[in-house]
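The values are calculated or read from the model by the stated rules, or taken from the named source; none is laboratory data. Every value quoted in this text rests on a predicted model; they were computed, and no experiment measured them. Neighbour counts run over all protein chains shown; Cβ positions are idealised from the backbone, glycine included. Note: areas computed on protein heavy atoms with side chains; ligands, DNA, RNA excluded. Shrake-Rupley method; radii C 1.70, N 1.55, O 1.52, S 1.80 Å.
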Amino acid sequence: MDLNESGSPPAGRDSPTHSGLWRHWGSPAAIYGTIVYASVVAAASKVDDDQASAVRLLVFSVVSILIFWLAHVYSTALGFQGDADDTGNRVRDSIRHALAESGGMLEAAIVPSVPLLLAALGILPADFGVGLALWLAVLMLALLGYSVFRRRGRRMLVCLAGAVVTGSFGIVVILLKSALQH
């Protein structure tokens with residue numbers, strides 16, 4: 001399901017590159033992937049993280065999102081059946097559809113992974129890297145919420161409400177992390 005399936009895009013936003021990028025970032029998988037990734041980072045991090053634990057956290061978070069992505073692709077492929085009578089075509093079409101629908105989940109992990117990578121390399125303090133990753137996830141969620149409504153031509157107030165509601169999922173993750181670690 002694409003959150004952007006209603007009508008044509010606003011003027012100037014219909015280039016193939018823009019549409020291709022938007023398809024993934026405007027998908028439920030991107031929102032879901034951002035929340036899952038932030039939740040894994042929050043749950044797996046500790047108060048006294050050091051560089052070695054930052055490496056473990058980065059690896060654990062990336063492997064976790066890959067597993068969630070594979071499960072998402074698999075379940076989407078199971079739920080989608082092409083119109084072809086040939087079983088081979090149905091399976092191929094189902095996998096193609098599932099991969100197209102699930103791309104945003106992997107892409108959602110890129111931005112929050114950057115501060116984790118910098119912490120794993122010792123460039124950032126580990127605790128700061130974790131906090132920055134979580135707040136970047138909140139920012140991404142807010143931008144996704146805003147953009148989905150903006151892309152559909154909604155009024156500014158609706159777009160801002162979408163940003164607040166979607167971003168609040170990330171804030172809840174941070175609040176849960178704080179409550180569990182103190």
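Return the only residue of 90, 13 being at pLDDT below 85, of a type in the set (Lys, Arg) and surrounded by 14 or more Cβ atoms within 10 Å (Cβ to Cβ).
90
Select from the stretch 129-181 the residues that are touching a Pro at 6+ places or on another chain (Cβ under 6 Å) and small (Gly, Ala, Ser) and write down the one among them that is nearest to residue 30 (Cα to Cα).
Among residues in the stretch 129-181 that are touching a Pro at 6+ places or on another chain (Cβ under 6 Å) and small (Gly, Ala, Ser), the one nearest to residue 30 (Cα to Cα) is 137.
Can you name the residue in the stretch 144-162 that is of a type in the set (A, V, I, L, M, F, W, C) and closer than 16 Å to residue 32 by Cβ and is also nearest to the chain's Cα centre (by Cα) among such residues?
Restricting to residues being of a type in the set (A, V, I, L, M, F, W, C) and closer than 16 Å to residue 32 by Cβ, the top hit is 144.
Return the residue satisfying two criteria in turn: it lies in the stretch 150-159 and is touching a residue at least 12 places away in the same chain (Cβ under 8 Å) and assigned to a loop (DSSP other than H, G, I, E, B), and of such residues it is nearest to residue 46 (Cα to Cα).
The residue in question is 152.
Residues checked against (1) at pLDDT below 95; (2) hydrophobic (A, V, I, L, M, F, W, C); (3) out of contact with any Cys (no Cβ under 6 Å at 6 or more places or on another chain); (4) not in a helix (DSSP H, G or I):
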residue: 102; (1), (2), (3), (4): yes, no, yes, no
residue: 106; (1), (2), (3), (4): yes, yes, yes, no
residue: 127; (1), (2), (3), (4): yes, no, yes, no
residue: 136; (1), (2), (3), (4): no, yes, yes, no
residue: 145; (1), (2), (3), (4): yes, no, yes, no
residue: 148; (1), (2), (3), (4): yes, yes, yes, no
residue: 170; (1), (2), (3), (4): yes, no, yes, no
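Filtering the stretch 36-47 down to residues that are in contact (Cβ under 8 Å) with a residue 24 or more places away in the chain and surrounded by fewer than 19 Cβ atoms within 10 Å (Cβ to Cβ), which residue is nearest to residue 67 (Cα to Cα)?
The selected residue is 43.
Name the pairs: first residue in the stretch 128-140 and open to solvent by less than 10 Å² (accessible area, probe 1.4 Å), second residue acidic (Asp, Glu), Cβ to Cβ under 7 Å, at least 6 apart or on different chains?
130/49
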